[in-house]
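The values are calculated or read from the model by the stated rules, or taken from the named source; none is laboratory data. A quick note: this is a predicted structure, and the numbers were derived from the prediction, not measured. All Cβ positions, even for glycine, are placed from backbone atoms using ideal geometry, and neighbour counts span all protein chains on display.
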Amino acid sequence: MTLNLLLFLALAVIAIASAAGLIMSRNTVYSALFLIINFLTVAVFYLVMGAPFIALAQITVYAGAIMVLFLFVIMMLGAEKPNEIERMKWQRPLAIVLSGAILLEGVYALITRVAVNVTTSPATEALSDPKTLGISLYTKYSLPFEITSVILLVAAIGAVILTNKSRKEAGK
Amino acid sequence: MTFGLFLEWFIKSLVVILAMTIGFAYVTWFERRVLAKFQVRIGPNRAGKQGLLQPVADAIKLIFKEELVPANADKLIFVLAPVITMIPALIITGVVPWGPPITLFGKTFTLSVSDINLGVLFILTVTSISIYGITLAGWSSNNKYATLGALRATAQMISYELALALSFVGPILIAGSMGISDIVNAQQHVWFIVYQPLGAMIYMITAVAEINRSPFDMPEAEQELTAGYHVEYSGMKFALFFMAEYIKMIAICMIGASLFLGGFWGPGVAAYPWLGPLYLFIKVVLLLFVLVWIRATLPRFRYDRLMAFGWKILFPLALLNVMVTAVVITLVGG
């Protein structure tokens, strides 16, 4: 138990440090790299909680596909160094107020919920085996699963239409 | 008990890493000799018998070369990039079994570093993050050619990864498991290449594209980009990129042999389990020969054709293969 706690604490420190690095870094490539470290730490959290499938899927999808495209775009546009001049001055106070609100909310939730006895959900057992995970996705959760696929399809079609339009204009 | 387990894992990991690094040295020798035969040359034959000490000579040369870091490079990432490229190459074969379980000193050992039930997914995960080393190397060099090479590599690897993932689905569906050892054991009598000829072909093509080998070696096209993403690297840092490429070659051959060519199974393995690693070795060498053969035969793709081939031909074919396999398995009742 103490070993698990130590592991959790170490991971938590890495996760928070990488998240802080993500927003503090002045170089966009470093920000992206911090975000990748953050995703990897979250994946290890899933592993510790006994959900290896989710952990590996998290790395493949977020670190392996989405962040690669982020880096790709940053490198292609040469957008490593953002403008030093702040164009939207009102953003900073608004961000402070909003993040303060979220922090208060989190503290409140923690204080009120900590007394409630938390039981481990039986779902973790299902998450460790790809077969049971797949069956529950396609039976119990088939509606949200299908809706997600439609949303992704809409995004893909949108991208095709956008590039098609600009290609036609380039042809004229 | 815990110490024994730790020792077992340590020894197995050491065996994999050593086998991969020594394998790398002799794959370079193998490739140069075989390529020379294809081109009616002799190839390296001076250092040692049949040039067998050539890799040692190359290593000594590379160690003593000067290490340069470009003035305007991003130093930290420039130094880290070769390491980030090496690690996925070394760990990817950790889930591939080399032979059936072996009983030694009254204890049964499985012959793989970690036989997890999500082996195929692990392989996909490691492949998907192995892009970073190349991308970061190209970007941090602060060189136009290197950045172009890295951009090409990223786009190519992302495009071919989809078809690669789909080609894994066939063996998973037939074996009914995502564990590599389950898939290998399901091929004890019939190899999956018999049921999945299209899947095996798609795997081989996409895997070659995934490790940026000829004819898909667009990121390092010498004529257009000098050497692509590693143009600014020298000495041992360059050697690490070189090493990662050849270790990945061995890895895709091992994975391909395990998924489609029966892995370690062959005549007599059930009676003499020690034959298993030997059969796997023979299959890997044969596949490596095919890779060299492809390199010696085919010219390089043009970049736009390469992307079109990946998205418009390989990806739909892989999808069709998955669909047909699933329907047939449901009808036959696998």
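Just a yes or no: is a residue in segment B:221-233 at pLDDT 85 or above and touching a Pro at 6+ places or on another chain (Cβ under 8 Å)?
Within segment B:221-233, none of the residues are at pLDDT 85 or above and touching a Pro at 6+ places or on another chain (Cβ under 8 Å).
Just a yes or no: is a residue in segment A:20-32 assigned to a loop (DSSP other than H, G, I, E, B) and either more than 9 Å from every other protein chain (Cβ to nearest Cβ) or among the hydrophobic types (A, V, I, L, M, F, W, C) (or both)? Yes, some residue in segment A:20-32 is assigned to a loop (DSSP other than H, G, I, E, B) and either more than 9 Å from every other protein chain (Cβ to nearest Cβ) or among the hydrophobic types (A, V, I, L, M, F, W, C) (or both). A residue that is more than 30 Å from B:Thr135 (Cβ to Cβ) and in a helix (DSSP H, G or I) occurs nowhere in segment B:66-77. Inclusion of B:Ala89 among residues that are crowded, with 22+ Cβ neighbours inside 10 Å, within 14 Å of another protein chain (Cβ to nearest Cβ), small (Gly, Ala, Ser) and within 21 Å of the chain's Cα centre (by Cα) is not warranted. Select from segment B:31-48 the residues that are over 13 Å from B:Ala296 (Cα atoms) and crowded, with 16+ Cβ neighbours inside 10 Å and list them in ascending order. Answer for segment B:31-48, where residues must be over 13 Å from B:Ala296 (Cα atoms) and crowded, with 16+ Cβ neighbours inside 10 Å: B:Gly43, B:Pro44. Within segment B:304-313, can one find any residue that is more than 21 Å from B:Gly138 (Cα to Cα), free of Cβ contacts under 8 Å to residues at least 60 places away in the same chain and charged (D, E, K, R)? Within segment B:304-313, one or more residues are more than 21 Å from B:Gly138 (Cα to Cα), free of Cβ contacts under 8 Å to residues at least 60 places away in the same chain and charged (D, E, K, R). Looking at B:Thr154, is it within 12 Å of another protein chain (Cβ to nearest Cβ) and part of a helix (DSSP H, G or I)? Considered against the rule, which asks whether it is within 12 Å of another protein chain (Cβ to nearest Cβ) and part of a helix (DSSP H, G or I), B:Thr154 comes out as yes.
State yes or no: is A:Arg92 within 13 Å of chain B (Cβ to nearest Cβ) and either touching a Lys or Arg at 6+ places or on another chain (Cβ under 7 Å) or over 24 Å from B:Thr125 (Cα atoms) (or both)? No. Among the criteria (1) more than 14 Å from chain A (Cβ to nearest Cβ); (2) surrounded by fewer than 24 Cβ atoms within 10 Å (Cβ to Cβ); (3) modelled with pLDDT under 90, the one B:Leu259 does not fulfil is (2). Looking at (1) touching a Leu at 6+ places or on another chain (Cβ under 6 Å); (2) crowded, with 21+ Cβ neighbours inside 10 Å; (3) assigned to a helix (DSSP H, G or I), find the lone condition where B:Pro97 falls short. Of the numbered conditions (1) touching a Leu at 6+ places or on another chain (Cβ under 6 Å); (2) crowded, with 21+ Cβ neighbours inside 10 Å; (3) assigned to a helix (DSSP H, G or I), the odd one out for B:Pro97 is (3). Kindly indicate whether any position in segment B:166-173 is away from every other protein chain (no Cβ under 14 Å), at pLDDT 85 or above and farther than 26 Å from B:Val269 by Cα. Yes: one or more hits.
Screening the candidates A:Leu40, A:Leu56 for the property of being in a helix (DSSP H, G or I), touching a Ser or Thr at 6+ places or on another chain (Cβ under 7 Å) and either modelled with pLDDT under 90 or within 12 Å of chain B (Cβ to nearest Cβ) (or both) yields one hit, A:Leu56. Criterion applied to B:Ser181, B:Ser159, B:Ser177, B:Ser167 was being of a type in the set (Ser, Thr, Tyr) and not in a helix (DSSP H, G or I), and the one residue passing it is B:Ser177. Here segment B:51-79 is the region considered, the condition is being more than 30 Å from B:Lys37 (Cα to Cα) and out of contact with any helix residue (DSSP H, G or I) (no Cβ under 9 Å at 6 or more places or on another chain), and the residue that is nearest to the other protein chains (Cβ to nearest Cβ) is B:Asn72. Pairing residues of segment B:70-83 that are modelled with pLDDT of 85 or more with residues that are of a type in the set (Lys, Arg), at Cβ distances under 6 Å and at least 6 apart in sequence or on separate chains, gives B:Pro82/B:Lys237. The set of residues from segment B:112-139 being more than 10 Å from chain A (Cβ to nearest Cβ) and surrounded by fewer than 21 Cβ atoms within 10 Å (Cβ to Cβ) comprises B:Ser114, B:Asp115. The requirement of being among the aliphatic types (A, V, I, L, M), over 28 Å from B:His189 (Cβ atoms) and in contact (Cβ under 8 Å) with a residue 60 or more places away in the chain is fulfilled somewhere in segment B:272-292, by at least one residue. Taking the numbered list (1) at pLDDT below 85; (2) farther than 24 Å from B:Ile255 by Cβ; (3) outside any helix (DSSP H, G or I) in turn, B:Arg41 passes all entries but (1).
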